[in-house]
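Below you'll find the structure, written out as structure tokens, and then a few comments.
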Amino acid sequence: MDKTRLVLRVCGWSSIVMGMIFFVYPEWYVDLEGATTDNIAWLRNLGAALVAVNGVGALLAARDPEGEKALYDVVMLASVLETIALAWSTFAWEFTATEEIFITGPLALAFLVSIALVALRPKPSA
């Protein structure tokens, strides 16, 4: 398996797992990170987007990254923008969470995946 397909699969499956947790049972993750449950709607909405775009989109693009370049670019853009947003919120500490590892851990994975998606982006056809 080439590196591009591997990074798309890592992006896809990790996004589906985290996205489903956020979408189906956000209260569990909020409790785990020690945050308040005052407003978890944003987490449920993020979960839906993670599953659809970063999850299913990445897995579909993994079948043929060169042939699915437009889809690849959408997955890459979503990943990069979500990573920037998470980094921004982390540096400003816009969270009520008390267990930092549940914020910084996903940020580290998102950063690595986003860098890999950019670095391994299929080259334009001649």
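Every number here is computed from the coordinates shown, using simple stated rules; none is lab data. From a predicted model like this one, the values you see are computed outputs, not experimental measurements. So basically every Cβ, Gly included, is an ideal-geometry build from the backbone, and we count neighbours across all protein chains shown.
Compute, for the stretch 1-59, the length of the dipole vector about the Cα centre, with Cβ point charges of +1 (Lys, Arg) and -1 (Asp, Glu) only. Units Debye, rounded to 20.
For the stretch 1-59, the charge dipole is close to 400 debye.
If you put +1 on each Lys and Arg Cβ and -1 on each Asp and Glu Cβ, how big is the dipole of the chain around its Cα centre, in Debye rounded to 20?
Here the chain has a charge dipole of around 640 debye.
Summing -39500 (n - 2.57) over the DSSP H runs of n ≥ 4 in the chain and dividing by its residue number, what mean residue ellipticity at 222 nm do you reach, to the nearest 500 deg cm²/dmol?
Calculated at 222 nm, the ellipticity per residue is -22500 deg cm²/dmol.
If contacts are Cα pairs under 8 angstrom and at least 6 residues apart, what is the relative contact order of the chain in percent?
Computed over the chain, the figure is 33 percent.
For log10 I(q)/I(0) by the Debye sum over Cα atoms at q = 0.12, 0.14 Å⁻¹, the listed values are [x] -0.50, -0.63; [y] -0.45, -0.59; [z] -0.54, -0.72; which was obtained by calculation from the structure presented?
Of the listed options [x] -0.50, -0.63; [y] -0.45, -0.59; [z] -0.54, -0.72, [y] comes from this structure.
Enumerate the helices in the chain for which the Kyte-Doolittle hydropathy averages -1.0 or more and the C-alpha atoms extend at least 24 Å along the helix's axis, using complete DSSP H runs.
3-24, 69-91, 101-119
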